[in-house]
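The values are calculated or read from the model by the stated rules, or taken from the named source; none is laboratory data. The model shown is predicted, which means the values in this text are computed figures rather than measured ones. Here the Cβ positions follow ideal geometry from the backbone for every residue, glycine too, while neighbour counts run over all protein chains shown.
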Amino acid sequence: MGTASATGSISFMRPQVGSPPDFPPGDVHKKGANIAFCDGHVERQKQAKWIELTPAAARRWHYDNQPHPEAWYRTGP
């Protein structure tokens, strides 16, 4: 699934404010990636859309539908 860790993980967490994600989804295919969700559906977006830091975008990555900004950075904002 594109850029990922050795285990195949995708991470949207950033080391600090202004830095890119540790392991973003790939951007090889027309600057985008397909992501398979646990409920079985698949979506394709441009990499920039997958990794944008907005509450609306962040809500999709948490089971409780909350943005959890405390998880956006390893060292805090």
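Evaluate the following for Asp39: is it in a loop (DSSP other than H, G, I, E, B) and in contact (Cβ under 8 Å) with a residue 12 or more places away in the chain? Working first, answer last.
On the way: in a loop (DSSP other than H, G, I, E, B): yes; in contact (Cβ under 8 Å) with a residue 12 or more places away in the chain: no.
Answer is no for this residue.
On the given criteria, is Ala48 of a type in the set (Gly, Ala, Ser) and modelled with pLDDT of 85 or more?
Details: of a type in the set (Gly, Ala, Ser): yes; modelled with pLDDT of 85 or more: yes.
For Ala48, the condition - of a type in the set (Gly, Ala, Ser) and modelled with pLDDT of 85 or more - is met.
Every residue in the range 3-27 that is over 12 Å from the mean Cα position of the chain (by Cα) and either modelled with pLDDT under 80 or outside any loop (DSSP other than H, G, I, E, B) (or both), please.
Within the range 3-27, Ser5, Ala6, Thr7, Gly8 qualify.
Just checking, how many residues over the range 10-29 are out of contact with any strand residue (DSSP E or B) (no Cβ under 7 Å at 6 or more places or on another chain), exposed (fewer than 11 other Cβ atoms within 10 Å of the Cβ) and touching a residue at least 40 places away in the same chain (Cβ under 8 Å)?
Within the range 10-29, residues that are out of contact with any strand residue (DSSP E or B) (no Cβ under 7 Å at 6 or more places or on another chain), exposed (fewer than 11 other Cβ atoms within 10 Å of the Cβ) and touching a residue at least 40 places away in the same chain (Cβ under 8 Å) number 0.
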